[in-house]
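K.L.:
Sharing a structure here in structure tokens format.
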Amino acid sequence: MAFRQVKDLLAWIHGFHEQLGAQYARLAELQQDERMKMALVFLGDRRRRRGG
């Protein structure tokens, strides 16, 4: 993947973390095991904070 400017790379990273956080949240909703659910929620929150 080629980026012309640093801001393009940063925008891509931001989007990546947002998407990853959303995927963790969706998986947490489907989870039966409470510990796994808590872990996925934690990871999703962390990803979203890193992306922002």
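The values are calculated or read from the model by the stated rules, or taken from the named source; none is laboratory data. None of the values given here were measured: they were computed from a predicted structure. Ligands, DNA and RNA are excluded from the accessible area calculation, which covers all protein heavy atoms including side chains. Shrake-Rupley method; radii C 1.70, N 1.55, O 1.52, S 1.80 Å.
K.L.:
Over the Cα atoms of the chain, what is the Rg over Rh ratio if Rh follows Kirkwood?
P.N.:
1.16
K.L.:
With every protein chain kept in place and ligands, DNA and RNA left out, what is the accessible area per residue of the chain? Probe 1.4 Å, answer in Å².
P.N.:
86
K.L.:
Computing the accessible area with a 1.4 Å probe over protein heavy atoms, can you report the carbon and sulfur percentage for the chain?
P.N.:
In the chain, the share of accessible area belonging to carbon and sulfur is 56 percent.
K.L.:
I need the phi-derived Karplus couplings for the range 28-43: 6.51 cos²θ - 1.76 cosθ + 1.60, θ = phi - 60°, integer Hz, Gly and Pro marked x.
P.N.:
For the range 28-43, the Karplus-derived couplings read 5, 5, 8, 6, 8, 6, 5, 5, 5, 4, 5, 5, 5, 5, 4, 4 Hz, x marking Gly and Pro.
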